[in-house]
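Here the structure is laid out as structure tokens; the discussion comes afterwards.
Every read-out reported here was derived from the displayed coordinates using simple, explicitly stated rules and does not represent laboratory data. Bear in mind that the values here come from a model prediction, so they are computed numbers and not experimental data. Every residue, glycine as well, gets a Cβ built from its backbone with ideal geometry; the counts of neighbours run over all protein chains shown.
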Amino acid sequence: MPGSPNIELVLFDLGGVLIDIGGVPPMKQLARIDSDEEMWQRWLTCRWVRSFERGECSADDFATGVVGDWALEVEPAIFLDAFRSWPGGPLPGADELVAAVRASLPVGCLSNTNAMHTDDQFSKYPIFDAFDYRFLSFQLGLVKPDRALFDRVAELVPVAPERVLFLDDNLVNVAGATEAGFTARHVRGVDEARAALVALDLVGA
């Protein structure tokens with residue numbers, strides 16, 4: 001892409017880019033929400049989600065809070081059991097794409113997540129071990145799309161923010177990263193992520 005900076009590090013969001021998050025349809029149904037965009041907007045701004053993904057509350061408190069605030073017609077324990085299984089594993093081609101980038105550049109993940117999903121799901125995927133950097137919200141105590149999260153990551157990476165390519169499936173997160181000086185692209189799934197990387201000459205077509 002003309003005018004693009006030289007990228008020296010690629011950071012992937014996990015859910016929706018490299019990993020299937022299967023909980024969106026059932027959550028939309030439970031919350032009686034029609035669109036993915038509305039669901040994500042509410043999810044990303046929910047005080048209980050933000051607290052849990054900052055590592056500030058227990059899983060039980062998270063479930064009770066979400067069920068109460070969202071007026072969900074389900075018991076908190078049942079909601080939590082379903083939430084635990086939301087990650088559906090790496091999307092087809094995800095491992096290969098990360099490996100292709102890592103052949104020439106360091107790679108990492110930058111994701112809003114929690115200890116439950118990390119311990120029960122993500123840590124068991126081989127792709128998780130392929131990252132040179134892992135920036136997980138519950139470990140940092142910060143969440144996307146907050147500026148503080150991106151500023152903290154900028155302090156932790158070894159290159160200038162504009163030389164970091166961040167790929168995320170939520171526009172609000174892309175906007176937050178861009179405002180903090182990162183090179184960011186809105187992508188959904190592996191194919192769109194690959195297209196963005198090809199456009200920047202970071203992987204072959």
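Among the listed values (1) 45, 39, 35; (2) 50, 32, 30; (3) 52, 42, 31, the one computed from these coordinates for Cα extents along the principal axes in Å is (2). For the stretch 20-81, trypsin sites (Lys or Arg not before Pro) meeting the loop criterion (DSSP other than H, G, I, E, B) and having at most 16 other Cβ atoms within 10 Å: Arg32.
If the segment from Glu38 to Ala59 were pulled out straight at 0.36 nm per residue, it would be longer than the present Cα-Cα gap by 5.2 nm. Less than 5 angstrom separates the built amide H of Ala184 from those of Phe166, all sequence-distant by 5 or more or on a different chain.
Ellipsoid semi-axes for the stretch 104-158, based on the Cα gyration tensor and the rule √(5λ), read 19, 16, 7 Å when sorted largest first. Amide hydrogen proximity for Gly89: with H placed 1.01 Å from N in the peptide plane, the residues at 5 or more positions away or on another chain lying under 5 Å are Asp20. Here, the stretch 23-85 has an Rg and a Dmax of 10.9, 30 Å when only alpha carbons are counted. Each residue of the stretch 137-143 is assigned a 3J(HN,Hα), and the resulting list reads 4, 5, 7, 7, x, 9, 10 Hz, derived from the Karplus form 6.51 cos²θ - 1.76 cosθ + 1.60 (θ = phi - 60°), x at Gly and Pro. Potential lengthening of the chain between Thr45 and Arg163 amounts to 39.6 nm, from the contour at 0.36 nm per residue minus the alpha-carbon distance.
The tail of the calculated P(r) for the stretch 2-121, taken as Cα-Cα distances beyond 21 Å, holds 45 percent of the pairs. Give me the distance between the Cα centres of the stretch 22-77 and the stretch 154-182, rounded to whole Å. That distance is 26 Å.
With the simple spin-label model, which puts each label point 7 Å out from Cα in the Cβ direction, the Asp95 to Asp132 separation comes to 2.2 nm. Here the Karplus curve 6.51 cos²θ - 1.76 cosθ + 1.60, taken at θ = phi - 60°, turns the phi angles of the stretch 21-33 into couplings of 10, x, x, 5, x, x, 5, 4, 5, 4, 8, 6, 10 Hz, with x standing for Gly and Pro. The modelled label-to-label distance between Arg102 and Lys28, using points 7 Å beyond Cα along the C-beta direction, is 3.3 nm. Among beta bridges identified by DSSP and lying wholly in the chain, the antiparallel ones come to about 10 percent. Backbone geometry of the stretch 163-178 corresponds, through the Karplus equation with coefficients 6.51, -1.76 and 1.60 at θ = phi - 60°, to 3J(HN,Hα) couplings of 9, 9, 8, 10, 10, 9, 8, 10, 4, 5, 6, 4, 5, x, 5, 4 Hz, x marking Gly and Pro.
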